[in-house]
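Below: the structure, in structure tokens.
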Amino acid sequence: AWIKVDAFTAEWQAIINKGGDDSWRLQRYGNTNHIDFGTTGLSNQDLEGTTDVADGNWHYIAGVYDGSTKYLYVDGNLDTSVSVTGTIATVDDPVEIATNSDHAGRNFDGQIDEVRIWNSPRTQTQLQNNMNKVLTGNESGLVAYYKFDVSSGTYLYDHTGNNNLGRLHNMANNDWVASGWPVSQTATWTGAVNNDWNNAGNWSGINGVPSSIDDVEIPNVANQPVIQPGDTVQCHKLTVETGASVTLASDATGHGTLIVTGK
């Protein structure tokens, strides 16, 4: 899930859980600003992260269990892990988002978006490649997918086709807010103005210039992109078509730098 928290307001505040404390859960760890990946039935019950997520920014959190190890990821990076034994307890109780039916007062105080539940362990590469993307809902292993992309009503639709319909409680239409999680886009180089990578007029498909989460495509057009000396630019994936190029210009002061964060 993507979450945004200005400040936690109660211990063990709930994000996602299966049957309260009886199976698996992502929540605040105690009274810290860290995430807890809790699993009843495993030798490690509560895996505490190390990243401060109560900073008013969007963070992508993921708990993964592969049969022998528990992993907690924050923003696509491994926060912590532990080897475990046992089996996660199974219960018939429903999945809950932003509340814990076993404990009053643990309601989440913040924003939640893009909740995804899988029945197969996700690798770090899979998490990184999909965290900033809207999924199709047909991905292998995806059993429930809540986009939170409606602006009225009290139902939360499952976009996998598995019909895991959610019902929202204490919800009014004016409680819906615009999403703010960082969705990646595809930026296509046009060279419409000049050859400067950092000129927004040279890009289509985005507002501005590409960021570290955006995929970049460089077609073979008249003006090919140049990253000027001293400039550092980033993108997620980079595709350079046949005949096209990206130039890292240099002079006495230094050279241009391109960082590709994905594959």
Checklist line | Cα Rg, Dmax (largest Cα-Cα span) when computed across region 173-263, Å | finding: 15.0, 59
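Which FRET efficiency, nearest 0.05, do residue 172 and residue 9 yield, Cβ-Cβ r, R0 25 Å? Mind dumping the intermediate values first?
Values: r = 20 Å, r/R0 = 0.81.
With R0 = 25 Å, the Cβ-Cβ based efficiency is 0.80.
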Next item on the list: With all protein chains present, calculate the accessible area of residue 177 using a 1.4 Å probe and round the result to the nearest 10 Å².
Entry: 100 Å²
Notebook entry, point to check: From the backbone phi of region 241-251, what are the Karplus-calculated ³J(HN,Hα) couplings (6.51 cos²θ - 1.76 cosθ + 1.60, θ = phi - 60°) in whole Hz, Gly and Pro given as x?
Noted result: 6, 4, x, 9, 7, 10, 10, 9, 6, 9, 8
Check: Per 5 Å bin from zero, what fraction in whole % of the C-alpha pairs of the chain is there, up to the bin with the longest pair?
Finding: 1, 6, 11, 15, 16, 14, 11, 9, 7, 6, 4, 2, 0, 0
Check: Nearest 0.05, what FRET efficiency do residue 43 and residue 129 give at R0 = 45 Å with Cβ-Cβ as r?
Finding: 0.90
Item checked: Compactness of region 107-202, expressed as Rg and Dmax over alpha-carbon positions, Å -> 17.7, 53
Next item on the list: Check cross-link reach from residue 70 to the aspartates and glutamates: straight Cα distance under 18 Å, and skip same-chain residues fewer than eight apart.
Entry: 21, 22, 36, 46, 48, 79
Next item on the list: Return the whole-Å distance between the Cα centroid of region 197-263 and the Cα centroid of region 87-124.
Entry: 40 Å
Note to self: Please give me the summed charge of the neighbours of residue 88: other residues whose Cβ is under 15 Å from its Cβ, Lys and Arg +1, Asp and Glu -1.
What the structure shows: -4
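Residue 186: net charge of surrounding residues, Cβ under 13 Å, Lys/Arg +1, Asp/Glu -1, itself excluded?
Here the count lands on -1.
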Item checked: Average Cα contact separation per residue, the chain, under 8 Å, 6 or more apart, as relative contact order % -> 13 percent
Next item on the list: Specify which residue in the list 140, 43, 12 is farthest towards the positive end of the charge dipole of the chain, using unit charges on the beta carbon of Lys, Arg (+1) and Asp, Glu (-1), about the Cα centre.
Entry: 140
Margin query: How much of the DSSP bridge set in the chain is antiparallel, in percent, rounded to the nearest 5?
Written below: 75 percent
Checklist line | Helix-only mean residue ellipticity at 222 nm for the chain, each DSSP H run of n ≥ 4 adding -39500 (n - 2.57), per residue, nearest 500 | finding: -500 deg cm²/dmol
Notebook entry, point to check: So what J values fall out for region 204-210 if you push phi through Karplus, 6.51 cos²θ - 1.76 cosθ + 1.60 with θ = phi - 60°, rounded to Hz, Gly and Pro as x?
Noted result: 10, x, 9, 9, x, 10, x
Checklist line | Dipole axis of region 55-118 (+1 Lys, Arg; -1 Asp, Glu on Cβ), positive-most option in 80, 91, 103 | finding: 80
Item checked: For region 3-107, diffusion coefficient by Stokes-Einstein and Kirkwood Rh (Cα), 4 °C, 1.567 mPa s, µm²/s -> 95 µm²/s
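The values are calculated or read from the model by the stated rules, or taken from the named source; none is laboratory data. None of the values given here were measured: they were computed from a predicted structure. Backbone-built Cβ (ideal geometry, glycine too); neighbour counts: all protein chains shown. Ligands, DNA and RNA are stripped out before the accessible areas are found, and what is left, the full protein with its side chains, is counted by its heavy atoms. Shrake-Rupley method; radii C 1.70, N 1.55, O 1.52, S 1.80 Å.
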